[in-house]
Every structure is written in structure tokens, then in C-alpha cells.
1. Going by average Cβ neighbours within 10 Å, how do the peptides 239-247, 146-154 rank, with the highest at the top?
2. Could you give the length gained on full extension between residue 374 and residue 239, defined as 0.36 nm per residue of separation minus the Cα-Cα distance, in nm?
3. By per-residue mean of other Cβ atoms within 10 Å, what is the highest-first order of 367-373, 249-255, 42-48?
4. Pairs of Cα atoms under 8 Å, at least six residues apart: use those to get the relative contact order of the chain, whole percent.
5. Once you place label points 7 Å from the Cα toward the Cβ at residue 114 and residue 1, how far apart are they in nm?
6. Quick check: Cα centre of region 47-69 to Cα centre of region 211-284, how many Å?
7. Tell me, what is the FRET efficiency for residue 363 and residue 123 to the nearest 0.05, using R0 = 41 angstrom and their Cβ-Cβ distance as r?
8. Against the longest alpha carbon principal axis of the chain, how many degrees, from 0 to 90 and to the nearest 10, is the axis of helix 44-63 turned?
């Protein structure tokens, strides 16, 4: 019997397994896909590598203002993908090696709950464990409309064989805006469609406005208050019908409309594990309603960021294996969005501060960076700070 068995080898699961093993406990971990999870395999890391690839088109353009002449520009999608995937393979191998060196036993299987202290693998092997940690993360969530099966999810982007000449991206959150910037930088014609009134819902209004302006300045078409009614195949690609009767002709349609906790087929119902809006419900110490089953990261749908999942894992090990009850701190977590312009933010937005009745001051400046003066790049920088007034 293991002291700990982890289901899911993403960032949070791997950190938990390694830390528990380092304390001398016996640990097993199961992963049906690739070790590293969303961030390493199909999220932050490969996406940021693609961000870097896309930035070169702007660098080439900016360099002319500094006296450089670049006669020919050509981007090779296949070459970039091969290099990107080689780096992901290297990182996955490093994750595996770190687990093995820590004494964690890796099972390349889908795992589900079978009983109070039992896990069943997809090869019918039953494993016993004193404690079970659910760290299965999330998965893309597509909306419902006619022809949605013809669209790709954000995960599917990393398996595309060619760079589309035209692409429609449905959504306006982190993932949608980031990939809009990426594909435009790589040379595609990009249209962003969203049913709401603003991009990056939940962010400060000045950030929302600047990101939208930045995307449009780069030639990305932003269609807000628009919904996709249907996607149909045509001779050249796809026809996207919008609710206002407009039609878009495109090579690919990407649905980047959020993610949902990955709980399917985990056997949660066998133990009667409580859920809340499709996410595993945990207390402040990340324990479910079953005494020896815990959950961390995106499967709990609290704050879905890789560093948060890692901190969740550290808090779990402190609580269960170090006798140091620890509540993960989800307040004042920094966020970054790799659009052009990039976004970095921490704390409350102005809108949130107003809604909570906080008495505050706003300090804000907007300027054109020195680097953009000679290049002719119109992109500006926004710096904004909210200061809570002290009570006299």
C-alpha cells in the first residue's frame, strides 16, 4: 500500500508526489497522457515558445527604423513545430527523471477511484493507498452550436500540421487573445469573435481597452457582441455564420471558450465525492468530503494557474505529510497575459474596488517606450496603480 497515490502528473501532481517522496513516504502517480500536464505539454510552455516565434515579425519591422535592411522574410511552420516539440520532449523527460530520482513510481495508465483506499488502472490493476490526491487538471470546454465538431480546441492547436492563412478564434479570455496575437504575428489573417462587450473579462477596464487597441492596431479584426451560430464546410475551408447574419470564410475555427475540470470517468460517484458546478469541492485544507481524498489545482476550479497548482501541492504535503496544516493563499496572485501588448497585473481592478466600496486613489500613466520611437511601432505602455486611502 502506498502512503500517497496521485492521479494526474501535471505541475501540481508532480510537485506533490516529489515532496511527499522526499519525506520518505511511498508514492505512486498515474498519468494517461504525458507527464508534465497542461502547462508543459499543451499550455504555457509550448504557447510561450510560439509567442517568441511570433514576435520576430515585429522585430524585423521595428529594425528598419534603426537602420537595418532585411530583404526577405519567410516563416516555416513545420520547422518551428519540430523545434518546439523537441523542447517539450526534453522537458517531459526531465519531469519523468525527477519523479524517478525522487523514488516516485510512475504508472502510464488512466486511473480512477475504486474504493476508500483503492485505485483501479485501465489495465484492471488495483492499487491501494492511504491517501489519494486528485490532480487531473482541466480540459477545453466548447460551446454548443451547429458544426462545433468541425472546430479545434486550444489543445488541438499544438497538433496542427500547417499554419492557416485565415483563422477565426471564438472567445476573448487569456487563451483566445494570446493565440490571436500569435497567429497574427506568424502571418495569418485573424478574426476574434466574442459574445461579450469587452476582451479579457475580469481585468481592469484600462487593460481591456489597451489590449483591444493593440490587437486591432496589428490588423486583428475584433468582433464583439457576436455569436457563432454555425460552422459548415465549404470547398476552401469553413463558413462561419454569426448571429447578426454576417458570414466569415476561414481555414480554421478555434474555440477558446474556457476550460472545465477534468473529472470524467474518475469514479468520483463511487465514493460520493461532492462536486460544485462540475468541480471537486474541497475545504480550506484541500480535503474532499472523503477523509483520505484530496484535490488540488484546476480540477477544483478555484484559481486556474500553474503556479497556484504548485502552491496547492506544497500546502497539501505540508498538511498531510509534515504535520503543518497549511491553507494555500489564493489572494494577490499575479497574472500575465502574453498578448501584444503583454499584460502583467496583481491585485484588484478599479471596477472591483468601486463595487466593494473601497476609498482609493488612481495613479496612471501611458507613454510610448523609447524602443518604439525610432521604429514607428505605435504600441504604448500603460502603468496603473490603485492605492487604498488610509482612514484618518
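Rule-based calculations on the coordinates, nothing more; no lab input. Quick caveat, the model's predicted, so the values are computed rather than measured. Using ideal geometry, Cβ is built from the backbone for each residue, glycine included, and neighbour counts are taken over all protein chains shown.
1. Details: 239-247: 14.2, 146-154: 16.6.
So the order, starting with the most tightly packed, is 146-154, 239-247.
2. 44.5 nm
3. Highest mean packing first, the order is 249-255, 42-48, 367-373.
4. Working: 768 pairs, mean separation 71.6, N = 392.
Here the relative contact order equals 18 percent.
5. 1.5 nm
6. First find each Cα centre; the distance between them is then 29 Å.
7. Values: r = 60 Å, r/R0 = 1.46.
Rounded to the nearest 0.05, the efficiency is 0.10.
8. The helix 44-63 is inclined about 20 degrees to the chain.
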